[in-house]
Amino acid sequence: MKNYVIGLDYGSDSVRAVLVDTENGNELASEVHKYQRWAKGKYCNPAINQFRQHPLDHIEGLEKTIKAVVHNSKVSSEMIKGICIDTTGSSPIPVAEDGTPLALLEGFKDNANAMMVLWKDHTAVQEAAEINNLAANWGGVDFTKYEGGVYSSEWFWAKILHIIRVDKEVKHAAFSWVEHCDLMTFILSDNKNLKTFKRSRCAAGHKAMWHADWNGLPPTEFLGQLDPYLADLRGNLYTETYTSNEVAGKLNKEWADKLGLSTNTIIAVGTFDAHSGAVGAKIEKNMLVRVMGTSTCDIIVSPKENIGTRTVRGICGQVDGSVIPDMIGLEAGQSAFGDVLAWFKDVLSWPIDNLIMNSEIISEDQKERLKQEIEESFIAKLSKQAEHIPLSESIPIALDWINGRRSPDADQNLKSAIADLSLGTKAPHIYKALVNAICFGSKKIVDRFKEEGVQIDAVIGIGGVARKSPFIMQTLANVLNMPIKVAASDQAPALGAAIYAAVAAGIYVDVFEASKHMGSDFEAEYVPDSNSLLEYKKLMASYSDLGAFVESINQK
C-alpha cells in the first residue's frame with residue numbers, strides 16, 4: 001500500500017502545498033495561494049520597515065491548498081499519513097489563552113499590532129539594541145552567544161518588546177505569543193493546550209535564545225530587566241522544544257472534515273522554511289545550502305564533535321537538532337537578496353506606472369497588454385545586458401543592505417549605498433552592481449563560517465533565484481570561487497516538510513534516510529570562470545571598503 005504525505009510551505013507572499021509519494025519523492029499534486037490582504041499592502045508601512053500579516057491570509061491558504069492537493073491527487077485520505085508545516089521566521093503573533101490569534105477577536109481585527117509580525121519587520125531595532133546591551137552587561141550568561149552574539153530586530157523577543165510598548169491593548173490581551181510555524185501546526189493539531197503543545201526547536205533555538213545550557217528560555221531575572229511583562233510571559237511559553245521529525249499531534253476533527261482527511265493523519269512539529277528547504281535539497285554534513293528568494297538563509301549541518309563548545313560569531317544561531325536531529329544546525333543569511341533587485345525594478349518602473357499607465361493617448365486594453373509585456377521581459381532584458389558588460393568596464397560598487405544586514409553581525413540600522421557612478425552609468429551597469437553586491441554579501445557569510453572553523457565542502461542553491469537566474473548563479477560561483485549545484489525541485493522547502501512528515505509518521509527511521517529517497521535531484525551546476533576571478537576579487541575588496549565606510553558613518 002502506497003503512503004503519501006503533505007508538505008505545507010509558507011513564504012512571504014504565498015503558501016504552497018505539495019502531496020508527495022514517500023517511496024520516491026514524486027509530487028502528485030501542488031497548489032499555491034497568494035495572500036489577499038498582504039497583496040493589497042494592508043497593515044504594512046515600508047517607510048518605517050513595518051511588515052505585518054493577517055492570520056486569515058494563512059488560515060485561508062491552509063484550507064485552500066491542502067483541499068486542492070487532496071482533491072487533485074485522487075489519493076484516498078487514509079493513505080495520507082502526515083503533514084508538516086514550514087514558515088518564515090521569526091514571525092510571532094499574539095494569541096489568547098485558547099490559542100486564538102488576537103487578530104481574529106473583536107477589537108483587534110484591523111489592529112496591525114495584533115497581526116503576525118513578519119520576519120522582515122524591523123520596527124524593533126531599538127529593542128534589539130537593548131537586548132544586546134543587557135546580554136553583554138548584566139553580569140550573567142550572555143544568552144545571545146548561540147545566536148551569533150548579536151540579537152536581531154527580526155527576532156522573537158525584540159518584536160514582542162516593541163509591540164507591548166506601543167500597544168497596551170495588545171499587551172494586556174495577549175496570553176502568549178506563538179511563532180508562525182507553531183501557530184499553523186497548533187491549528188491543525190488535536191492538542192489544544194498551549195502549555196503542553198510541542199514548540200519548534202528551530203524557532204526557539206535560533207530566534208528566542210532557547211538553549212539546553214540554561215534549561216530553556218532566558219530566565220525571568222534577565223527578561224524582567226527588559227520589561228516585567230516578558231518575565232510574566234515566560235511562564236506562558238514553554239520549557240522543552242522539539243525537532244520536526246517528532247509528532248505534535250493528530251489532525252483534529254474540525255480540520256479533518258474541512259480538508260477531507262482522516263483524524264489518523266499525523267501532524268509533525270513545525271519548522272522554518274530554510275531548514276526544511278535544506279532537507280529537501282538532501283543536505284549532508286559540511287554542505288552549505290543557500291535558500292535564495294526575497295532574502296537568503298544559509299544552512300549548514302555539522303556533527304556535534306566538529307563544533308564542540310565553540311560558538312560561531314555573527315550568524316543567526318547554532319542549535320542542536322534544528323535542521324537534522326542529533327546534528328548542529330547553523331544558520332546565517334541576508335536580509336535582502338531578490339528584494340534588492342525587486343527594489344531596483346520598482347524604481348525603474350515609476351515612469352511606467354505613473355506616466356504610461358495614466359496616458360490618455362492609448363487605450364486601457366493597450367495599457368494592460370503593455371504592462372504585461374513589460375512585466376514578462378523587464379528583468380530578463382536587464383540581466384542579459386548586464387551579463388554582457390565586461391568586468392573591465394567601469395561598474396559601480398553597491399551594498400546589499402537595502403533591508404539592513406542579517407549576517408555576518410546583524411545590524412538592521414545599516415542602509416545600502418552605491419558608489420563610482422558616472423555619466424556613463426546606465427541601468428544595466430547599476431543592475432550588474434546590485435547582482436555583484438548580493439553575491440559579495442554571500443561571500444562575507446561564507447568567509448565568516450570558514451574563519452570560525454566551520455568546514456564547507458559543497459554549495460547547493462535552492463529557491464526561485466537559484467532556478468531562474470543563470471546570471472546570478474554564475475556570478476555567485478565566480479565570487480565564491482566554488483562550484484554551485486542547483487536543486488531541481490520548485491518546492492524544496494515544501495518537499496523538506498514532507499520528508500519530516502514521513503519520519504514523524506513512522507515511514508522512515510530518520511531524516512537522512514527519508515531525504516535519500518524523497519529529496520530533490522540537481523538540475524544544474526555552475527563552475528567558477530577562472531578568467532573572472534581576479535576582477536571579482538578586486539570588486540570584492542571595493543565592496544568591503546564601501547561597507548566599512550558606511551558602517552563608520554552609521555556609528556556617528
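What follows is calculated from the coordinates using simple rules that are stated; it is not laboratory data. The shown structure was predicted, so the numbers you read here are calculated from the model rather than taken from an experiment. Positions of Cβ are backbone-derived with ideal geometry, glycine not excepted, and every protein chain shown enters the neighbour counts.
Computed quantities for the displayed model
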| quantity | calculated |
| --- | --- |
| Quotient of Cα Rg and 2.2 N^0.38 Å for segment 420-523, N being how many residues it contains | 1.40 |
| Three semi-axes of the equivalent ellipsoid, segment 1-70, Cα gyration tensor, whole Å, largest first | 31, 11, 8 |
| Whether segment 139-223 is rounded, prolate or oblate, judged on the alpha carbon gyration tensor where a/c under 1.5 counts as rounded | oblate |
| For segment 184-319: relative contact order, % (alpha-carbon pairs under 8 angstrom, 6 or more apart) | 26 |
| Close Lys-Lys pairs in segment 15-136, where close means Cα under 27 Å and separation is 8 or more or interchain | 22 |
| Count, lysine Cα pairs under 13 Å in segment 182-336, 8 or more residues apart or across chains | 4 |
| For segment 15-45 and segment 493-556, distance of Cα centres in Å | 22 |
| Sum of side-chain charges, Lys443 neighbourhood, beta-carbon under 13 Å (Lys, Arg +1; Asp, Glu -1) | +1 |
| Karplus-derived 3J(HN,Hα), 6.51/-1.76/1.60, for each residue of segment 157-173, Hz, glycine and proline x | 5, 4, 5, 4, 4, 5, 4, 5, 7, 9, 9, 5, 5, 5, 3, 7, 8 |
| Alpha carbon centroid spacing (whole Å) that separates segment 74-132 from segment 389-437 | 33 |
| Computed [θ] at 222 nm, deg cm²/dmol, the chain (DSSP H ≥ 4; -39,500 (n - 2.57); rounded to nearest 500) | -12000 deg cm²/dmol |
| Per-selection Rg to Rh, the chain - Cα, Kirkwood hydrodynamic radius | 0.96 |
| Fewest-first sequence of Tyr500, Tyr431 by Cβ atoms within 10 Å of each Cβ | Tyr431, Tyr500 |
| Residues Trp119, Trp401, sorted so that the one with the fewest Cβ neighbours within 10 Å comes first | Trp401, Trp119 |
| Considering only the chain, percent of DSSP beta bridges that pair antiparallel, nearest 5 | 70 |
| Candidate lysines - alpha carbon under 19 Å from Lys384, same-chain residues fewer than 8 apart omitted | Lys345, Lys426, Lys432, Lys468 |
| Ratio Rg/Rh [Cα only; Rh per Kirkwood] for segment 235-274 | 1.08 |
| 12 Å Cα-Cα reach of Lys2 towards aspartates and glutamates, excluding residues that sit fewer than 8 places from it in its own chain | Asp21, Glu23, Glu78 |
| For Ala29, distant residues with modelled amide H under 5 Å away | Leu19 |
| Residues Phe549, Phe512, sorted so that the one with the fewest Cβ neighbours within 10 Å comes first | Phe549, Phe512 |
| Segments 483-492, 31-40, 85-94 sorted - mean Cβ within 10 Å per residue, highest first | 85-94, 483-492, 31-40 |
| Tensor-based shape of segment 183-328 (alpha-carbon gyration tensor, a/c under 1.5 rounded, otherwise prolate or oblate) | oblate |
